[in-house]
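Notes follow the structure.
The values are calculated or read from the model by the stated rules, or taken from the named source; none is laboratory data. What you see is a predicted model; the values in this text were computed from it and never measured. A quick note on method: Cβ atoms are made from the backbone with ideal geometry, for glycine too, and the neighbour counts reach across all protein chains shown. In case anyone asks, the SASA skips ligands and DNA or RNA and just uses the protein heavy atoms, side chains included. Shrake-Rupley method; radii C 1.70, N 1.55, O 1.52, S 1.80 Å.
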Amino acid sequence: MNINKQQLADLNKTNLKNHQTHFDFLAQSLSNSGTDVYALLAKLAEFQVAIPSWALGAGGTRFGRFSFSGEPASLEQKIEDIGLIHSLTQTAGAISLHIPWDVPNDYNAIKELAALHNIKFDAVNSNTFQDQKNQKESYKYGSLSNTSAAVREQAIAHNKEVVEIGNKLGSKALTVWLADGSSFPGQNNFQTALTHTQNSLISIYEDMPADWKLYIEYKPYEPNFYSTVIQDWGTSLMLANGCGERAYTLVDLGHHLPNTNIEQIVSILMLKGKLGGFHFNDSKYGDDDLTVGSIKPYALFLIFNELVYGMQNNPQNPELGWMIDASHNVKDPLEDLIQSLEAIQEAYAKALLIDQNALRAAQEANDVTACQELLQNAYRTDVRPLIREARLRHGGALNPIEAYRALEVRKNLINERGNKTVATGL
Ligand code: RM4
Ligand code: MN
Ligand code: MN
């Protein structure tokens, strides 16, 4: 299924008048306080977030997985799904491939298909947290950190192959997330495990093309329950520094212990020029997979405040690789992703509204009340008319979820693909 601009223009007509009223009001009041509304709209339109190839089908937990009808059964169909989200939101202009779940058969055809939908190939992800069929060595006790040199070599070779695959598609970064760790005290020698990991990463890093970046992701626990080799940003940064200039830390919002001050982590990494990738999701307890903004939208806004500050003030930090990293257990994956994109745009727009100069002055004067007022005034602004206007100007839907339902996208996908397809992934 494809959605064309005319279909969306027709659907938008119903909401257009109302939208115009809201947008005019907001644009006027923002201009009155000195905001360049058109620069803001351009920034919102530029902001593109990658969709991971594994997130287009139903996700599951270790207790069960409830399939979603019409799931994409091939990489081609996954790209088509992202194309649908991108037509509606104009924000999902990239795909992040997980290997070996999504190895292209025909590279040129895949590249053409992606180009047709205006989709770029973002970072590629390796997978050494599962054993694959016919694999010689097992990752049961870790991969890049394994006590066995043969296992480490196999995991290194896999990462190098992922880079080769990504390189053929135009990707420029490799994301490494390791499940390595231990479930019981005494199981691992922490120092040996970290040393092996560093050496393995160096070997992967040194083999990458000169214009590639390495993103090193961290996670405090799960699937291992006692220790994880790359448990936090400090460990990730240490490993990145051990590899070299083009190795960076990747922050995944769901990979923190409760109440961690993620905005501070983001800020310090950008100061050091070492924040490379970013995975969006939300969580309440120990999960790392809920719809962005569904639980803690204010925390997301505070994180965006630091991201925006860093993007404006830290030329030493590279452009970030943005990706949604959530799993869709009960909602239609496409609707869920659309909701996440909306939440991301909203937090970004609100952060862009913060008067940075006034905030600096209030901070310098230790005017704590004013600092809070400045942040919360921005946060309390309803920026949705801005996001809608940015979408409208690029041929997207004023209300993507409404359009998705009006166009009966899921029903069409089921008609095309059937009820029983299962997407690769977790
Ligand atoms: C991990 C991590 C990785 C993601 C896998 C599927 O928890 O967040 O980024 O690719 O899950
Ligand atoms: Mn992640
Ligand atoms: Mn995760």
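Quick notes on this structure:
- Percent accessible area from carbon and sulfur atoms, the range 1-152, protein chains only, probe 1.4 Å: 51
- Applied to the range 348-361, the Karplus parametrisation 6.51 cos²θ - 1.76 cosθ + 1.60 on θ = phi - 60° returns per-residue 3J(HN,Hα) values of 5, 4, 5, 5, 5, 7, 5, 6, 4, 5, 5, 5, 4, 4 Hz, with x for Gly and Pro.
- Using distinct alpha-carbon pairs, which all enter the 1/r mean, Kirkwood radius of the range 1-108 in Å: 17.2
- Contact order relative to length of the range 1-101, as percent, for alpha carbon pairs under 8 angstrom and 6 or more apart: 34
- Shape class of the chain from the alpha-carbon gyration tensor: oblate, with a/c at 1.5 or above and b/c at least as large as a/b.
- Over all distinct Cα-Cα pairs of the range 198-279, the Kirkwood formula returns a hydrodynamic radius of 13.0 Å.
- Based on the reciprocal of the average 1/r between different C-alpha atoms, the Kirkwood radius for the range 84-169 equals 14.5 Å.
- Intensity falloff of the range 80-130 expressed as log10 I(q)/I(0), Debye formula with alpha-carbon point scatterers, at q = 0.25, 0.27 Å⁻¹: -0.98, -1.07
- Annotation: amide H-H contacts under 5 Å for residue 175 (H modelled 1.01 Å from N, sequence separation of 5 or more, or interchain): 124, 125, 126, 215.
- Compactness of the range 112-218 - radius of gyration and Dmax, Cα, Å: 15.2, 53
- Under 5 Å from the amide H of residue 228 lie the amide H atoms of 182, each residue being 5 or more positions distant or on a separate chain, with H modelled from the backbone and absent for Pro and chain starts.
- To the nearest 10, the accessible area of residue 145 is 10 Å² with a 1.4 Å probe.
- Taking the Cα centre of the range 276-426 as reference, the dipole from Cβ charges on Lys and Arg (+1) and Asp and Glu (-1) amounts to some 500 debye.
- Pairs of alpha carbons in the range 278-361 whose separation is greater than 22 Å (percent): 30
- Applied to the range 41-54, the Karplus parametrisation 6.51 cos²θ - 1.76 cosθ + 1.60 on θ = phi - 60° returns per-residue 3J(HN,Hα) values of 4, 5, 4, 4, 5, 5, 6, 10, 10, 6, 9, x, 5, 8 Hz, with x for Gly and Pro.
- Filtered chymotrypsin sites (Phe, Trp or Tyr not before Pro), the range 1-104: DSSP coil and at most 13 other beta carbons within 10 Å: 63, 66
- Dipole of the chain computed with +1 at Lys/Arg Cβ and -1 at Asp/Glu Cβ about the Cα centre; of 200, 280, 315, farthest Cα towards the positive end is 280.
- In order along the range 258-267, the Karplus-derived 3J(HN,Hα) couplings, from 6.51 cos²θ - 1.76 cosθ + 1.60 at θ = phi - 60°, round to x, 6, 4, 7, 5, 4, 6, 4, 4, 5 Hz, and Gly and Pro are given as x.
- Sparse packing (at most 12 other Cβ atoms within 10 Å of the Cβ) combined with a DSSP loop state is found for the following GluC sites (Glu not before Pro) in the range 290-388: 319.
- Rg/Rg_ref, the range 152-210, where Rg_ref = 2.2 N^0.38 Å and atoms are Cα: 1.31
- For the options 75, 392, 16, a Gaussian network treatment of the chain with springs between C-alpha atoms closer than 10 Å singles out 16 as fluctuating the most.
- Mean separation of Cα pairs under 8 Å and 6 or more residues apart, divided by the residue count, gives the chain a relative contact order of 23 percent.
- Database remark: amide H of residue 247 closer than 5 angstrom to the amide H of 214 (H placed geometrically; neighbours at sequence offset of 5 or more, or on other chains; Pro and chain starts carry no H).
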